[in-house]
Amino acid sequence: MQIVDIHYLEGFLTPNNINCVVSQLPKFDIHKKGDIMNTSVNIGGITFNNPVTTASGTFGSGIEYSDYVDLSKLGAVTTKGVASFPWGGNPTPRVIETPSGMLNAIGLQNPGVDVFIARDIPFLRKFDTKIIVNVVGKTIEDYCEVVDKLAECDVDMLEINISCPNVKEGGIAFGQDAKQVHYITSEIKKRAKQPIIMKLSPNVTDVTEMARAAEAGGADGISLINTLTGMKIDIHKRTYALGNKTGGLSGPAIRPIAVRMVDLVASVVKLPIIGMGGIASAEDALEFIMAGATMVAVGTANFNNPSATMDVVEGIKEYMSNYGISDIKELIGCVR
């Protein structure tokens, strides 16, 4: 607290300058004194201390960022995609910068579920945070194998990445066909011991159709959006800039699209939503929350600001204090 020396002010205060002096004194929010802000949210019966998690594929499994971020201050850590087998990923180059974002074609590289169980879960359990495991696969059987192995593990929630190409259906992503969305959701729901969140792709004609299919299949929640498919050409080499030709566009450039999709989905399903896509600040996160997201995930921003998640957590609290918001749930979907 700033201390004002009254003796310093003696002889200085006059009717003409008192307003000027008072304006320089520290300001205190008397409306919040004694109040406790509630930032906790609930999805699928799981309570999170605050609404901020990490976007899969941008935070590893937390080990890589633990020197920069107090993981206990996050609502959850959402891990990189975990497959039933070691996944090598795409040829290089796999990442390239774009205006207001980046393209990535990592290809879901990961060491497989057995390594994840032995190495990453014990590490994450050292912290007071929830664990959301992102699950990937090339067939429904692949997904189910991971879900089965995680059934008795100490993790809190599964995020099912249905933007993966279904090799049995000619490579079309599971999430681009409503019947497939319903089927894979229902099959996983039969086996999962944890709540399941279906991660939807924005690369569809109508994202609300996919959201309804996930809800009908028994999903406990939805996360969106995944990356938008994009491409960059290297005009000097006269070739594709990425080894995979196309990649997933993320970062601030996609945020307005993501906010709109969260708003659309929130208006047609009753499921809680984890919103993501270009979040780099508390202001960005609050747009998603006001559009209807119960939680938000910080992704690409982690690459140029390792403490971006902490900035968002603290910024949301500051906003709530400034506006006299006692419970974060007052803001969820408030624009409607």
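Overview of results
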item: Qualifying residue in region 240-256 (condition: at pLDDT 95 or above, assigned to a loop (DSSP other than H, G, I, E, B), farther than 16 Å from Val335 by Cα and among the basic types (Lys, Arg)); result: yes
item: Residues of region 86-111 satisfying the condition of being farther than 17 Å from Gly247 by Cβ and exposed (fewer than 15 other Cβ atoms within 10 Å of the Cβ); result: Pro86
item: Long-range neighbours under 9 Å by Cβ, at least six apart or interchain, first residue in contact (Cβ under 8 Å) with a residue 40 or more places away in the chain within region 94-120, second among the charged types (D, E, K, R) and in a strand (DSSP E or B); result: Ile96/Asp234; Leu103/Glu97
item: Which numbered condition Met290 fails, given (1) in contact (Cβ under 8 Å) with a residue 60 or more places away in the chain; (2) farther than 28 Å from Asn104 by Cα; result: (1)
item: Within region 76-93, tally of residues that are out of contact with any helix residue (DSSP H, G or I) (no Cβ under 8 Å at 6 or more places or on another chain) and in contact (Cβ under 8 Å) with a residue 60 or more places away in the chain; result: 7
item: The lone exception for Tyr143 - which of (1) farther than 20 Å from Gly60 by Cβ; (2) of a type outside the set (Asp, Glu); (3) surrounded by fewer than 17 Cβ atoms within 10 Å (Cβ to Cβ); (4) in contact with a Gly (Cβ under 6 Å, 6 or more places away or on another chain) it fails; result: (3)
item: Qualifying residue in region 114-127 (condition: at pLDDT 95 or above, surrounded by fewer than 22 Cβ atoms within 10 Å (Cβ to Cβ), of a type outside the set (D, E, K, R) and not in a helix (DSSP H, G or I)); result: yes
item: Matching entry among Ile184, Ile131 (being surrounded by 19 or more Cβ atoms within 10 Å (Cβ to Cβ), under 25 Å from Ala118 (Cα atoms) and modelled with pLDDT of 95 or more); result: Ile131
item: Residue list for region 26-62, restricted to those being surrounded by 13 or more Cβ atoms within 10 Å (Cβ to Cβ), modelled with pLDDT under 95 and among the hydrophobic types (A, V, I, L, M, F, W, C); result: Met37
item: Pair list, Cβ under 9 Å, 6 or more apart: region 304-315 residue crowded, with 17+ Cβ neighbours inside 10 Å, other residue part of a helix (DSSP H, G or I) and of a type in the set (Lys, Arg); result: Thr309/Lys73; Met310/Lys73; Val313/Lys73
item: Residue in region 178-190 that is out of contact with any strand residue (DSSP E or B) (no Cβ under 8 Å at 6 or more places or on another chain) and in a loop (DSSP other than H, G, I, E, B) present; result: no
item: Condition check for Val268: β-branched (Val, Ile, Thr) and touching a Phe, Trp or Tyr at 6+ places or on another chain (Cβ under 8 Å); result: no
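Each row is one residue, and each column tells you yes or no for (1) touching a helix residue (DSSP H, G or I) at 6+ places or on another chain (Cβ under 8 Å); (2) surrounded by fewer than 18 Cβ atoms within 10 Å (Cβ to Cβ); (3) modelled with pLDDT under 95; (4) not hydrophobic (A, V, I, L, M, F, W, C).
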| site | (1), (2), (3), (4) |
| --- | --- |
| Gln194 | yes, no, no, yes |
| Thr205 | no, yes, no, yes |
| Ala216 | yes, yes, no, no |
| Ser223 | no, no, no, yes |
| Met231 | no, yes, no, no |
| Ile235 | no, yes, no, no |
| Arg238 | no, yes, no, yes |
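The values are calculated or read from the model by the stated rules, or taken from the named source; none is laboratory data. These numbers come from a predicted model, not from an experiment. Ideal geometry is used to build each Cβ from the backbone, glycine not excepted, and the neighbour counts take in all protein chains shown.
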